[in-house]
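Reading through the structure tokens given below for one structure.
The values are calculated or read from the model by the stated rules, or taken from the named source; none is laboratory data. Computed from a predicted model, the values in this text were never measured in an experiment. As a convention, Cβ positions derive from the backbone with ideal geometry for all residues, glycine included, and neighbour counts pool all protein chains shown.
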Ligand code: HEC
């Protein structure tokens with residue numbers, strides 16, 4: 001066998017192993033996500049709860065947030081934030097309802113920020129996707145959705 005052919009075979013083996021590795025990792029992650037679906041309390045660390053929103057609900061922040069929300073969150077949380085987006089039915093866990101005044105009163109801004117940053121189960125972790133500023137803008141918007149629903 002020539003050296004070249006040998007190399008070709010070795011590369012092919014590495015490639016197949018790589019693909020199998022990715023498949024195994026994904027199915028492991030999928031199982032972990034499924035285990036996370038159980039409706040157990042979602043505990044936010046105390047120091048995260050106390051973090052204050054550094055932004056004010058200015059028209060600029062709210063309009064940026066509305067766009068971010070439409071692009072990234074409506075699918076599951078619904079246009080008005082009631083947790084009834086077109087994708088919501090696909091999950092065992094209902095996406096949070098931001099129009100639920102009782103729930104929203106219990107959550108600090110810091111807790112909402114932490115949860116959207118970390119994610120859990122089908123709830124995406126946004127910290128690597130959206131900047132800190134964008135996530136705080138979204139916290140302002142979730143508060144606005146709650147107020148709009150109460151009108
Ligand atoms: C793929 C569906 C999906 C998308 C997209 C999604 N979410 Fe969620 N979200 C969920 C689900 C499901 C939960 C409930 C998770 C749980 O309780 O385990 C949740 C929970 C949350 C919570 C926690 C509420 C609370 O107090 O318990 C916040 C905050 C949140 N989402 C914000 C957002 C924001 C902001 C976006 C867009 C940037 C977004 N989500 C996009 C599915 C989604």
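Can you tell me which residue is surrounded by the most Cβ atoms within 10 Å (Cβ to Cβ) among those in the range 68-84 that are part of a helix (DSSP H, G or I) and out of contact with any helix residue (DSSP H, G or I) (no Cβ under 7 Å at 6 or more places or on another chain)? Once the filter is applied, the top-ranked residue is 77.
Residues in the range 123-145 that are in contact with a helix residue (DSSP H, G or I) (Cβ under 7 Å, 6 or more places away or on another chain) and either farther than 16 Å from residue 74 by Cβ or modelled with pLDDT under 95 (or both): 125, 127, 135, 136, 139, 140. Selection of the range 57-71 for residues being touching a residue at least 60 places away in the same chain (Cβ under 8 Å) and over 16 Å from residue 146 (Cα atoms) yields 61, 64, 68.
Selection of the range 72-99 for residues being under 18 Å from residue 144 (Cα atoms), without any contact (Cβ under 8 Å) to a residue 40 or more places away in the chain, over 13 Å from the mean Cα position of the chain (by Cα) and within 9 Å of the ligand (Cβ to nearest atom) yields 83, 85, 97.
Residues that are at pLDDT 95 or above, out of contact with any strand residue (DSSP E or B) (no Cβ under 6 Å at 6 or more places or on another chain), over 20 Å from residue 128 (Cα atoms) and more than 9 Å from the ligand (Cβ to nearest atom) are absent from the range 26-42 altogether. So is residue 65 crowded, with 18+ Cβ neighbours inside 10 Å, in a helix (DSSP H, G or I) and within 10 Å of the ligand (Cβ to nearest atom) or not? Spelling it out, residue 65 is indeed crowded, with 18+ Cβ neighbours inside 10 Å, in a helix (DSSP H, G or I) and within 10 Å of the ligand (Cβ to nearest atom). For the range 100-119, a residue qualifies if it is touching a helix residue (DSSP H, G or I) at 6+ places or on another chain (Cβ under 7 Å) and either within 8 Å of the ligand (Cβ to nearest atom) or assigned to a helix (DSSP H, G or I) (or both), and the qualifying residues are 101, 104, 109, 110, 111, 112, 113, 114, 116, 117.
Among the criteria (1) more than 9 Å from the ligand (Cβ to nearest atom); (2) over 14 Å from the mean Cα position of the chain (by Cα), the one residue 127 does not fulfil is (2).
Cβ-Cβ contacts under 7 Å between residues 6 or more apart (or on different chains), taken from a first residue in the range 107-132 that is closer than 16 Å to residue 55 by Cα to a second residue that is near the ligand (Cβ under 9 Å from one of its atoms) and modelled with pLDDT of 95 or more, are listed as 109/139; 111/44; 112/139; 112/142; 113/135; 113/139; 114/44; 130/68.
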